[in-house]
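Okay, structure first, notes after.
The values are calculated or read from the model by the stated rules, or taken from the named source; none is laboratory data. All values reported here derive from a predicted model rather than from experimental measurement. Cβ atoms come from the backbone with ideal geometry, glycine included; neighbour counts cover every protein chain shown. For accessibility, only protein heavy atoms count, side chains too; no ligands or nucleic acids. Shrake-Rupley method; radii C 1.70, N 1.55, O 1.52, S 1.80 Å.
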Amino acid sequence: MNPAASSLGICLRAPLAIGTLQLSGRAFLAPMSGITDVGMRRAALHFGASLVISEMVASDDFVCGEQESRIRAEGEGVSPHVVQIAGRDPHWIGEAARLAEASGADVIDINMGCPAKRVTGGLAGSALMRDIELATEIIRAAVAAVSVPVTLKMRLGWDRACLNAPELARRAEAEGIALVTVHGRTREQFYKGEADWRAIREVKQVVAIHVVANGDCTVPADAAAMLAASGADAMMIGRGAVGRPWFVGQIAHFLATGKLGTAPSFRARRDAALTHYRTLLSLFGREQGLRHARKHLAAYAEWAARDGSPSAATLRLPLVTNENPAEVERLLSGIFEYEPLLEAA
């Protein structure tokens with residue numbers, strides 16, 4: 001075993017809390033737009049994720065009752081339930097935080113890390129790292145609006161010339177933020193290059209609140225290296241969990257024990273994938289649900305192929321192009337009709 005993993009397995013046994021909310025472990029599922037729907041979040045929790053966060057919800061649309069925003073914030077069957085809100089108007093951020101709490105959210109997360117042009121073009125997401133004064137006002141409005149903990153997700157900065165995550169974290173802590181997550185890239189990088197885990201350590205050194213490291217965890221060795229380099233208290237997994245929501249729970253187990261938990265059987269994976277797919281049809285209806293599901297279906301097939309399914313690669317294309325919901329179910333079941341060699345605990 002990696003020596004870093006062994007030492008982390010000892011030092012990370014103590015429970016982690018966000019305010020008064022006690023967590024089961026230290027591996028979180030990252031919020032991802034169009035990805036972390038309620039079906040995926042339920043699956044990740046089922047397999048042992050310590051915390052899951054909703055898709056980014058536009059604050060003004062959410063308060064005004066826009067249907068897709070309400071679906072993004074859905075938390076039935078998810079506990080703890082974390083809703084991530086985004087925007088650049090402190091009033092709407094406060095109102096969205098209040099509504100999310102009233103709808104059952106246990107934690108409110110503020111997005112200051114999304115690099116998408118449609119978000120930063122509206123001067124929200126990671127664009128707020130270019131306006132620290134406004135970012136501080138937004139944090140203050142959210143914290144004042146609710147009684148539940150408020151957390152913050154950000155990047156290292158806008159670009160290499162503006163690496164101001166430590167300053168934003170200091171201000172966030174002073175305003176009452178309970179935890180900060182830092183993606184180890186700038187907005188300018190989007191998802192290119194490698195995440196700079198060591199740069200996250202500069203945030204950890206200036207605040208007393210918990211810091212979560214995010215970016216580029218795809219195998220257990222990444223988890224150990226990320227926490228060792230960043231000094232963070234926990235870690236967040238994004239793209240590495242798409243198509244395998246059980247991976248976050250495996251990493252949580254690894255961080256607590258130094259050993260990777262046994263991979264779920266193909267039957268357990270099939271049941272989770274089918275439940276996820278049916279949830280999407282229920283949420284969005286047949287036509288929209290099929291479209292929304294395709295990115296997940298493709299990812300399930302890709303990981304099944306990597307894990308030894310002899311039919312997954314062949315079934316991937318018909319799986320994501322078929323318009324018949326019942327036939328999609330049959331194809332989805334088909335990619336898991338093979339039992340892989342399970343990893344030892």
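General observations
- Selection status of R278, of a type in the set (K, R), assigned to a helix (DSSP H, G or I), on the phi < 0 side of the Ramachandran plot and surrounded by fewer than 17 Cβ atoms within 10 Å (Cβ to Cβ): yes
- Check on V212, closer than 26 Å to L128 by Cα, crowded, with 24+ Cβ neighbours inside 10 Å and out of contact with any Lys or Arg (no Cβ under 7 Å at 6 or more places or on another chain): yes
- Condition met for L319 (open to solvent by less than 10 Å² (accessible area, probe 1.4 Å) and assigned to a helix (DSSP H, G or I)): yes
- Filter result for the condition that a residue is touching a Pro at 6+ places or on another chain (Cβ under 7 Å) and either on the phi < 0 side of the Ramachandran plot or surrounded by fewer than 20 Cβ atoms within 10 Å (Cβ to Cβ) (or both), over A141, A195, A145: A141
- Flag for E173 being part of a helix (DSSP H, G or I), open to solvent by 40 Å² or more (accessible area, probe 1.4 Å), at negative phi and touching a helix residue (DSSP H, G or I) at 6+ places or on another chain (Cβ under 9 Å): no
- Residue, most open to solvent (accessible area, probe 1.4 Å), within region 261-275, restricted to residues that are in a loop (DSSP other than H, G, I, E, B) and out of contact with any His (no Cβ under 7 Å at 6 or more places or on another chain): T262
- Filtering region 18-34 to residues that are outside any loop (DSSP other than H, G, I, E, B) and either at pLDDT below 95 or open to solvent by 60 Å² or more (accessible area, probe 1.4 Å) (or both) leaves only Q22.
- Candidates are the residues of region 35-71 that are free of Cβ contacts under 8 Å to residues at least 24 places away in the same chain and closer than 19 Å to G289 by Cβ; the one that is surrounded by the most Cβ atoms within 10 Å (Cβ to Cβ) is T36.
- Residue match in region 83-102 (condition: out of contact with any helix residue (DSSP H, G or I) (no Cβ under 8 Å at 6 or more places or on another chain), under 19 Å from P149 (Cβ atoms), surrounded by fewer than 18 Cβ atoms within 10 Å (Cβ to Cβ) and not acidic (D, E)): yes
- Among residues of region 216-228 that are open to solvent by 40 Å² or more (accessible area, probe 1.4 Å), those with a beta-carbon under 7 Å from a residue that is among the charged types (D, E, K, R) and at pLDDT below 95 at least six positions away or on a different chain give the pairs D216/E194; D216/D222.
- The residues on offer are L332, L297, and the sole one that is open to solvent by less than 10 Å² (accessible area, probe 1.4 Å), in contact (Cβ under 8 Å) with a residue 60 or more places away in the chain and within 22 Å of T36 (Cβ to Cβ) is L332.
- For region 115-138, filtered to residues that are part of a loop (DSSP other than H, G, I, E, B) and open to solvent by less than 20 Å² (accessible area, probe 1.4 Å), the residue that is farthest from R239 (Cα to Cα) is A124.
- For region 170-194, the set of residues classified as small (G, A, S) and in contact with a Lys or Arg (Cβ under 9 Å, 6 or more places away or on another chain) consists of G176, G184, G193, listed by residue number.
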